[in-house]
1. Which numbered condition in (1) under 22 Å from residue 122 (Cβ atoms); (2) surrounded by fewer than 23 Cβ atoms within 10 Å (Cβ to Cβ) is the only one that residue 283 fails?
2. Looking at region 118-139 only, could you name the residues that are in a strand (DSSP E or B) and crowded, with 24+ Cβ neighbours inside 10 Å?
3. Do the conditions hold for residue 313, that is, is it over 17 Å from residue 84 (Cβ atoms), free of Cβ contacts under 8 Å to residues at least 60 places away in the same chain and in a helix (DSSP H, G or I)?
4. Pick from 200, 217: which is buried (at least 21 other Cβ atoms within 10 Å of the Cβ) and within 23 Å of residue 150 (Cβ to Cβ)?
5. Assuming residue 292 fulfils every condition listed in (1) buried (at least 17 other Cβ atoms within 10 Å of the Cβ); (2) in contact (Cβ under 8 Å) with a residue 60 or more places away in the chain apart from one, which condition is it?
6. If the requirement is being at pLDDT below 95, buried (at least 17 other Cβ atoms within 10 Å of the Cβ) and in contact with a strand residue (DSSP E or B) (Cβ under 6 Å, 6 or more places away or on another chain), which of these qualifies: 321, 246, 327?
7. Surrounded by fewer than 24 Cβ atoms within 10 Å (Cβ to Cβ), at pLDDT 95 or above and farther than 25 Å from residue 245 by Cα: which single residue out of 306, 315 fits that description?
8. Which residues, counting only those in region 66-83, are over 14 Å from residue 337 (Cβ atoms) and either part of a loop (DSSP other than H, G, I, E, B) or in contact (Cβ under 8 Å) with a residue 60 or more places away in the chain (or both)?
């Protein structure tokens, strides 16, 4: 038998030198639970390790600059690649105020991602602004449309944006139809609790639009709270019963420092259930934790990367950090960038290979 105590202190030392001063709450139980079993694990081939960087161009236009861990100013995509990331997620809004996240802005970011050799996910919100569990407002131009018109709107918007990307030489690997659709989208016509059939029809309309431009792209239905199996069964039973078409079940996960282990375990159980129950692949499309708890966030992300990679049958496709580059931006506090303009230790989780 080897010397477990010696290995423990060695691993504790290695973890400690990677921690920053902002987070001193990580206890030995966390280190024992995660470090011993997962920091050296290799992820499955083709696994996506990514970031949603929708704010990037707006931040750059405001004068924000980004630095690598050595303090050298560098392009964001180069910094993310140096942290082990291989994929980029970009959100799309229909007619946003200010223009950010519109078709032109999306293409600009996608071109940079492609030039950096990154794989690409396009995330359709089907709104002029944020779509999430509590907000699924129709675009102003669609506000008076009935459900039949909305099916056409979704198809047209999806095809228009993707065709423009294709013309720019961009081929996304994944396309989300809707963002955090816990209760459907395009309310009230597409509100799942009001009319699941309508929601399923909107998903299928988006799916058909994606496949008409990029037949090989994987279409994702995205729901928040990846630990909540009851929610996921309700949504995806409803979609199945109403004949919706899609390829991948996506989820978000934003734990706190005191519950991440529990939520990660529940998320893995949920992912395996989704694979078994619906025969779909799964992906964690968004993760994040307080920037002031970077060391604990590194443990959380390391663990969810490994858990997603371990999903039954190799059906866990990847993990994306949501807006890691945000620092002092729009009051968002769950990025992974310090006030010094450099990435925190949290992003070192993606150096797993």
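The values are calculated or read from the model by the stated rules, or taken from the named source; none is laboratory data. Computed from a prediction, not measured in an experiment: that's the story for all the values here. Heads up, the Cβs are rebuilt from the backbone with ideal geometry, glycines too, and the neighbour counts pull from every protein chain shown.
1. The one condition residue 283 does not meet is (2).
2. Residues of region 118-139 in a strand (DSSP E or B): 119-124, 132, 135, 137.
The answer is 121, 122, 123, 124.
3. Numbers: over 17 Å from residue 84 (Cβ atoms): yes; free of Cβ contacts under 8 Å to residues at least 60 places away in the same chain: yes; in a helix (DSSP H, G or I): yes.
It is true that residue 313 is over 17 Å from residue 84 (Cβ atoms), free of Cβ contacts under 8 Å to residues at least 60 places away in the same chain and in a helix (DSSP H, G or I).
4. Working: 217 fails: buried (at least 21 other Cβ atoms within 10 Å of the Cβ).
Result: 200 is the single residue among 200, 217 that is buried (at least 21 other Cβ atoms within 10 Å of the Cβ) and within 23 Å of residue 150 (Cβ to Cβ).
5. It fails just one condition, (1).
6. Working: 321 fails: at pLDDT below 95; 246 fails: at pLDDT below 95.
Answer to the selection: 327.
7. Details: 315 fails: farther than 25 Å from residue 245 by Cα.
Just a single option satisfies the conditions, and that option is 306.
8. 70, 72, 75
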